[in-house]
Amino acid sequence: MVTRRPSSAQYKKTSRQMRRATLGTHVARIPSPIPSRREQASPRRTRNVERGEIHQVLPNTSTRESRRDYTNRMSQQAFIERAVASSRRRKIAVAVALAAVALAVASVAAWFVFIGGVNDRLQLQDPALASVLADAPAEGPVYTVLAASYDDGDGGTGPDVVLLVRTDSENASASAVVIPGNARVKLSDGKAHRLGEAQAIGGDAEVVSAVENLSGVQVSHYAKTDAEGFVALVDSVGGVEVDLSEPVSDSDAGTMSLPAGFQVLSGEQALFLCRANDFAATPELQRGLNESQVAQALFKKFVGMDKLSFYTGMDGFSDCVKTDMDVKAAYAMMSSLRDIVAESVMTGVMPTYLSRAGDDVYQEPISDEWKAMMERFVAGEVPQQDKESIIESVDSASFSITVNNGGSVEGAAADAASLLEGAGFTVDSVGNANQAVYESTLVVYQKAENEAKAEAIVATLGTGRAVLDAVNYAFETDILVVVGKDWQAVLDAREKTAAPVATNAS
């Protein structure tokens, strides 16, 4: 049988039918400018392609699988894929969680190692000290001793100054009393010493015991620093703000000088201020007031810290200060005092007079005034009586005064008498004492009713102490002033105040 080849018309008809049966529009192929080898080999095929003719159609295929079976099979496959994906996600989540837990554990461990290292450097591991410190009461005031040496390292030397601090978080109050390092105290060997010598005799425990015996209070905490630590501590908090009532210049304390007025001091400048005492009419008193002002400024810095800043800051502070407290206890104490305004911290300086024993010079506590100061301190009142209020409470013209020179400072009696008369007091007599052996100025009264008058004279002179003595001194006026050798400091301070002072030259 001979098969007849379809004609060109039949090809075109078939092509039109196929185009109608397909979606969209069948577009004839745009011939390439460069014919392929297949097109070059068959010119007829090339013409058919250009005409859009179709000569071969793929057959329609089918499967014996029903639509339901197909749907079930695809559903099972999708379920398996979802299960595998879910399992993979769970494994990833578990791995991430385990990594997070491991990181958290490592962080906590690192934090405890960090805090442990800080505590090791911060805490004083001294059983003797722990034995003399009282447990801090759950309620009521807590007493803390802060000791500072203005020399580098302990070296067997004790503090140059001690601050006895009273904090009462319930009533949001704090107060501090400055005790000079050369205050005369009795130590465990039964002998009289400077307070600063306590360290060499019995360590930190001896310092605390001496302060307790002197003040009559039980101390719960103790902290100390030296010159290097003090400078680093002040610098680490960005300096301290002070407001000086007069210029400070003392060649024995350092080569720098500080002007009067408000200023921010670096660590070195703050150390110089605390060391200096040869610049005021009452050098030891003014030095104590300056020390308490620096302590107030540091207190303000610390209570303003949040927990993280305090804890991380203690890494540096632990190299500056040593204490019985760990970081947690120190922060708890500071955070309990947040409601206390630094400017409201009440301060006082131990009232003393100069005494001599052989070649040693001490600052002897004025017993009556010191007792009264401690009573106010323990009661949460202002320890230091205000000078102006003392003077204002007395009618200066209502009593008579005798002024004698007892310290061999030329013109001291006349100078003191002039100062008193300028303040409204009545001076009946000016002369010399029987002996020029008085180290400090005495204001003597013979009747208890004249105590306030004597204190007003002390406040006006800016030096000396009031003494009740009706036996050893004979005078006809109400008050006797014996001007001692300490008047030279008054004259020197007056001269320095009148002279211009260079500022902040280090």
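The values are calculated or read from the model by the stated rules, or taken from the named source; none is laboratory data. As the structure is a prediction and not an experimental result, all values here were calculated from the model. Here Cβ is always computed from backbone atoms with ideal geometry, including for glycine, and neighbour counts include all displayed protein chains.
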TODO: Kindly provide the set of residues from the range 440-486 that are aliphatic (A, V, I, L, M), part of a strand (DSSP E or B) and either within 40 Å of the chain's Cα centre (by Cα) or over 23 Å from residue 373 (Cα atoms) (or both), ordered by number.
DONE: 466, 479, 480, 481, 482, 483
Task: Residue satisfying condition, being within 23 Å of the chain's Cα centre (by Cα) and either in the same structural domain as residue 323 (by TED's automatic domain parsing) or without any contact (Cβ under 8 Å) to a residue 60 or more places away in the chain (or both), within set 255, 225 - done: 225
Open item on the list: For the range 300-316, check the following and say yes or no: at least one residue is farther than 15 Å from residue 160 by Cα, assigned to a strand (DSSP E or B) and out of contact with any His (no Cβ under 8 Å at 6 or more places or on another chain).
Closed with: no
Task: All positions within the range 177-219 that are assigned to a helix (DSSP H, G or I) and of a type in the set (Val, Ile, Thr) - done: 201, 207, 208, 211
- [ ] Quick one: residue 391 ticks every box in (1) β-branched (Val, Ile, Thr); (2) touching a helix residue (DSSP H, G or I) at 6+ places or on another chain (Cβ under 7 Å); (3) within 30 Å of residue 317 (Cβ to Cβ) except a single one, so which number is it?
- [x] (3)
TODO: Working carefully through the options 149, 175, 169, find the one that is at pLDDT 90 or above and of a type in the set (Gly, Ala, Ser).
DONE: 175
Open item on the list: Six or more apart or on different chains, Cβ atoms under 7 Å: show the pairs whose first residue is in the range 405-426 and over 14 Å from residue 461 (Cα atoms) and modelled with pLDDT of 95 or more and whose second is of a type in the set (S, T, N, Q) and part of a helix (DSSP H, G or I).
Closed with: none
TODO: Consider residue 244 carefully, then state whether it is within 27 Å of residue 464 (Cα to Cα), touching a residue at least 60 places away in the same chain (Cβ under 8 Å), among the hydrophobic types (A, V, I, L, M, F, W, C) and in contact with a strand residue (DSSP E or B) (Cβ under 8 Å, 6 or more places away or on another chain).
DONE: no
- [ ] Could you figure out which of (1) in contact (Cβ under 8 Å) with a residue 12 or more places away in the chain; (2) more than 30 Å from residue 489 (Cα to Cα) isn't true of residue 341?
- [x] (1)
Open item on the list: For the structure I just gave you, tell me whether residue 437 is hydrophobic (A, V, I, L, M, F, W, C), more than 48 Å from the chain's Cα centre (by Cα), more than 18 Å from residue 349 (Cβ to Cβ) and outside the structural domain of residue 179 (by TED's automatic domain parsing).
Closed with: no
- [ ] Provide a single number: the residues in the range 223-264 that are closer than 23 Å to residue 322 by Cα and either among the aliphatic types (A, V, I, L, M) or crowded, with 20+ Cβ neighbours inside 10 Å (or both).
- [x] 13
Open item on the list: I'd like to check something: does the range 167-176 contain any residue that is of a type in the set (Ser, Thr, Tyr), more than 20 Å from residue 376 (Cα to Cα) and not in a strand (DSSP E or B)?
Closed with: no
Open item on the list: Among the residues in the range 363-378, are any in a loop (DSSP other than H, G, I, E, B) and either on the phi > 0 side of the Ramachandran plot or over 42 Å from the mean Cα position of the chain (by Cα) (or both)?
Closed with: no
TODO: Within the range 117-134, track down each residue that is over 24 Å from the mean Cα position of the chain (by Cα) and surrounded by fewer than 16 Cβ atoms within 10 Å (Cβ to Cβ).
DONE: 127, 128, 130, 131, 134
